[in-house]
Amino acid sequence: MRVLMIFVDGLGIGRYDLGLNPCTAEGLRFFNNFADRQRMEPLPFGGMVLGLDATLGLPGLPQSATGQTALLTGVNAAQLLGRHLNGLPNGKLREVIAQHSLLTLLAERGRKAAFLNAFRPPFFDYDPFHIIRHLSVTSVCNLYAGLRFFDLDDLRARRCIYQDFTNEALRRRGHEVPVFSPEEAGTILGTQAAAHEFCLYEYFQTDRAGHAQDMAGAVQLLQSLERLVAAALEHVDLEEMLVLLTSDHGNIEDLSMKGHTRNPAMTLIWGREMQAFASGISSILDVAPKILSLLG
């Protein structure tokens, strides 16, 4: 049993609105899911679509620090703080992550796990514990689990991919790295997932696109992301692997507002134990416990 988890920041299930929701764009096959319209065709590769509650039982708009902590630990981080927290995890959330993160618990059980995002300089010039207040939830999870952080040499060797999986952002910063097509990046993702028991990849350009309220840019981004996901699915054995794409909150699916939404987090599931994973799951709080259960 293996699991590939693709975390897509700021992707919810919104209403079918051609003027506001880029998920309505013609040609999309994975993300064309809507709260007020029944899906007319099966999800490619035989997958399932779920909408998971991301509000965590609190008023206001869900935010990244508490949402991602909840997603990757199963602990209701917003209730712990009494509010939704944006940006990076604070001290209380880091304590939760240290004890309960999916990566930590898998590492303690001896599972072969990896966070497949590449990190660029100057990250490696510092002791990560000295800059922990500047690290995202996923990075803190990886740090406390004691797992390696992949660098640009790993990227060149195709052992990982960058948060901008084409590497164009890295090249604009002057780094000598190859340009990847979405298909090449997806192939790397699927190949590395097949070599581990659990892999996590984070993509957050969706959240940035939602804040920018740029319809054309958001559509192009979703099209590219779908190509990555399709290539990853083509390079894994779905009889032995569960592939999960999920989010921490909504955003890009409603460009009428700059902020996040209270829409359900779009969650797509494929492969082994798909029905078992989907059974009884209703919130982003259920994701980490389900994965731990399936991996024994």
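The values are calculated or read from the model by the stated rules, or taken from the named source; none is laboratory data. Computed from a prediction, not measured in an experiment: that's the story for all the values here. A quick note on method: Cβ atoms are made from the backbone with ideal geometry, for glycine too, and the neighbour counts reach across all protein chains shown. For accessibility, only protein heavy atoms count, side chains too; no ligands or nucleic acids. Shrake-Rupley method; radii C 1.70, N 1.55, O 1.52, S 1.80 Å.
The table for this structure:
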quantity: Contact order normalised by residue count of the chain, Cα under 8 Å, 6+ apart, percent; calculated: 35 percent
quantity: Phi to ³J(HN,Hα) by Karplus 6.51 cos²θ - 1.76 cosθ + 1.60 over region 64-72, Hz, x for Gly, Pro; calculated: 5, 4, 6, x, 5, 4, 4, 4, 9
quantity: Placed amide H near Val3: partners under 5 Å, 5+ positions off or other chain; calculated: Phe198, Cys199, Leu242
quantity: Cα extents of the chain along the three principal axes, largest first (Å); calculated: 47, 44, 39
quantity: Region 201-296: proportion of alpha-carbon pairs further apart than 16 angstrom, %; calculated: 61 percent
quantity: Alpha-carbon centroids, region 153-183 and region 184-251: separation in whole Å; calculated: 15 Å
quantity: Where trypsin sites (Lys or Arg not before Pro) fall in DSSP loop in region 82-114, at most 15 other Cβ within 10 Å; calculated: Arg83, Arg109, Lys112
quantity: Descending Cα extents along the principal axes, region 1-51, whole Å; calculated: 41, 25, 19
quantity: Förster-model FRET efficiency, 41 Å R0, Val179 and Arg109, C-beta, rounded to 0.05; calculated: 0.60
quantity: Label-point separation, Leu238 to Phe123 (7 Å along Cα→Cβ), nm; calculated: 3.1 nm
quantity: Amide H contacts of Thr267 (H built 1.01 Å from N, under 5 Å, at least 5 apart or other chain); calculated: Leu50, Leu52
quantity: Spread of Cα-to-Cα distances over 5 Å intervals beginning at zero, given as percent, for region 149-278; calculated: 2, 10, 18, 20, 19, 16, 11, 4, 1, 0
quantity: Rg to Rh, two decimals, where region 1-99 supplies the alpha carbon set and Rh follows Kirkwood; calculated: 1.03
quantity: Extreme residue, positive dipole direction of region 144-296, given options Ala276, Pro289, Leu147 (C-beta unit charges); calculated: Leu147
quantity: Using distinct alpha-carbon pairs, which all enter the 1/r mean, Kirkwood radius of region 24-158 in Å; calculated: 17.2 Å
quantity: Solvent-accessible area, 1.4 Å probe, carbon plus sulfur percent, for region 117-227; calculated: 49 percent
quantity: Rh by Kirkwood over Cα pairs, then Stokes-Einstein D for region 158-212 at 1.306 mPa s and 10 °C, µm²/s; calculated: 129 µm²/s
quantity: Net lengthening on full extension, Leu20/Leu43 (0.36 nm per residue, minus Cα-Cα); calculated: 6.0 nm
quantity: For the chain: accessible area per residue (Å², 1.4 Å); calculated: 41 Å²
quantity: Positive minus negative residues near Asp214 (Lys, Arg vs Asp, Glu; Cβ under 15 Å); calculated: -1
quantity: All Cα pairs of region 41-80, percent lying beyond 17 Å; calculated: 41 percent
quantity: Relative contact order [Cα under 8 Å, 6+ residues apart], region 100-183, whole percent; calculated: 33 percent
quantity: Projected area, mean over directions - region 90-155, Cα convex hull, nm²; calculated: 4.4 nm²
quantity: Net charge over other residues, Cβ less than 13 angstrom from the Cβ of Leu71 (K, R count +1; D, E count -1); calculated: -4
quantity: Under the Karplus curve 6.51 cos²θ - 1.76 cosθ + 1.60, θ = phi - 60°, whole-Hz ³J(HN,Hα) for region 190-200, x wherever Gly or Pro sits; calculated: x, 5, 5, 4, 5, 9, 10, 8, 9, 10, 10
quantity: DSSP-assigned coil residues among GluC sites (Glu not before Pro) in region 106-194, each with at most 10 further Cβ atoms within 10 Å; calculated: Glu176
quantity: Neighbourhood charge, 11 Å Cβ-Cβ cut-off, centred on Pro89 and excluding it, Lys, Arg +1 and Asp, Glu -1; calculated: +2
